[in-house]
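Structure first, commentary second.
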Amino acid sequence: MAQNDAWMETCLISISKEGGSDVEFAGLTETVDIDMGEKDIEGVALVNGGRVTKWTPEGDTTITFETYELEVGNGNGWDDLLHPGTADTTNPYVITNDRIRNKYRIAILWTDDTSATTGVSATADGNAGFRYAFANCYITAVKPSFTDGILKHTVTAKLAPFDKSGDANILMESTDGTASEVLAALASYTSSTKFR
């Protein structure tokens, strides 16, 4: 099976509130940067000159998007993810800042399967795919900028690597397109189901 040289140009991005529906954000997004938490170590010096390796717990992950909002929410913007308490679903959309924090799942899929339309889609047989999915995320910043003559937003999401039960909040998966080896679709994100 011939593999792609690299994942370039396009990806699919789905974001779902816990218990909600997936909303697609690829059409608003210019860049995605994923700063995975470090699983660091520290050398502890012993009196004989030796060292003991001390494990540092895996750090939080930060996902940063550079985006072009068309509205303050309703799938065309990010403000209603940061301030979901007054999220409006009728035009004109009106949002005020609030203290409510919702959990979200962010799924980012790179694939050569042109039939895939969402970040949570399954890949078709014979197509390659690469996906990161992050559960229990919080949107922590939506920062607008008009300095280049175009309205642009820098959006930040953060998550801990594990939930309080010690279960993973991060899914990493890929397939090279080998026959019958596909990426399965992600299930709806709920309080009891993160990925599948």
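Here are a few things to note about the model shown:
- Within segment 1-22, being at pLDDT below 95, surrounded by 13 or more Cβ atoms within 10 Å (Cβ to Cβ) and either in a strand (DSSP E or B) or hydrophobic (A, V, I, L, M, F, W, C) (or both) holds for one residue alone: W7.
- Check on W55, surrounded by 20 or more Cβ atoms within 10 Å (Cβ to Cβ) and not hydroxyl-bearing (S, T, Y): no
- Residue in segment 145-162 that is nearest to I106 (Cα to Cα), counting only those that are part of a loop (DSSP other than H, G, I, E, B) and without any contact (Cβ under 8 Å) to a residue 40 or more places away in the chain: F146
- Residue that is modelled with the lowest pLDDT, among those in segment 81-96 that are part of a loop (DSSP other than H, G, I, E, B) and surrounded by 19 or more Cβ atoms within 10 Å (Cβ to Cβ): A87
- Conditions (1) within 27 Å of I150 (Cβ to Cβ); (2) in contact with a strand residue (DSSP E or B) (Cβ under 9 Å, 6 or more places away or on another chain); (3) of a type in the set (F, W, Y): number failed by Y93: (2)
- Here L109 fits the description: at pLDDT 95 or above, hydrophobic (A, V, I, L, M, F, W, C) and closer than 21 Å to E9 by Cα.
- Any hit, segment 115-124, residues being polar (S, T, N, Q), outside any loop (DSSP other than H, G, I, E, B) and within 26 Å of L183 (Cβ to Cβ): no
- Residue among I139, I100, I106 that is touching a residue at least 60 places away in the same chain (Cβ under 8 Å), farther than 22 Å from D5 by Cβ, in contact with a helix residue (DSSP H, G or I) (Cβ under 6 Å, 6 or more places away or on another chain) and not small (G, A, S): I139
Conditions (1) β-branched (V, I, T); (2) closer than 20 Å to G27 by Cα; (3) touching a Lys or Arg at 6+ places or on another chain (Cβ under 8 Å); (4) in a loop (DSSP other than H, G, I, E, B), marked per residue:
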| position | (1), (2), (3), (4) |
| --- | --- |
| A135 | no, no, yes, no |
| I139 | yes, yes, no, no |
| K143 | no, yes, no, no |
| K164 | no, no, no, yes |
| L171 | no, no, yes, no |
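- Of the residues making up segment 64-80, one or more are touching a helix residue (DSSP H, G or I) at 6+ places or on another chain (Cβ under 8 Å), hydrophobic (A, V, I, L, M, F, W, C) and surrounded by fewer than 22 Cβ atoms within 10 Å (Cβ to Cβ).
- Top-ranked residue of segment 111-136 - restricted to ones that are under 19 Å from S16 (Cα atoms), touching a strand residue (DSSP E or B) at 6+ places or on another chain (Cβ under 6 Å) and not aromatic (F, W, Y), ranked as surrounded by the fewest Cβ atoms within 10 Å (Cβ to Cβ): T118
- Considering residues of segment 137-152 that are of a type in the set (A, V, I, L, M, F, W, C) and surrounded by 11 or more Cβ atoms within 10 Å (Cβ to Cβ) only, the residue farthest from the chain's Cα centre (by Cα): L151
- Complete set of residues in segment 49-76 that are assigned to a loop (DSSP other than H, G, I, E, B) and either among the charged types (D, E, K, R) or in contact with a strand residue (DSSP E or B) (Cβ under 8 Å, 6 or more places away or on another chain) (or both): T56, E58, D60, Y68, E69, E71, G75
The values are calculated or read from the model by the stated rules, or taken from the named source; none is laboratory data. Not measured: the values here are computed from a predicted model. Cβ coordinates were reconstructed from backbone atoms using ideal geometry, including for glycine residues, and neighbour counts include every protein chain displayed.
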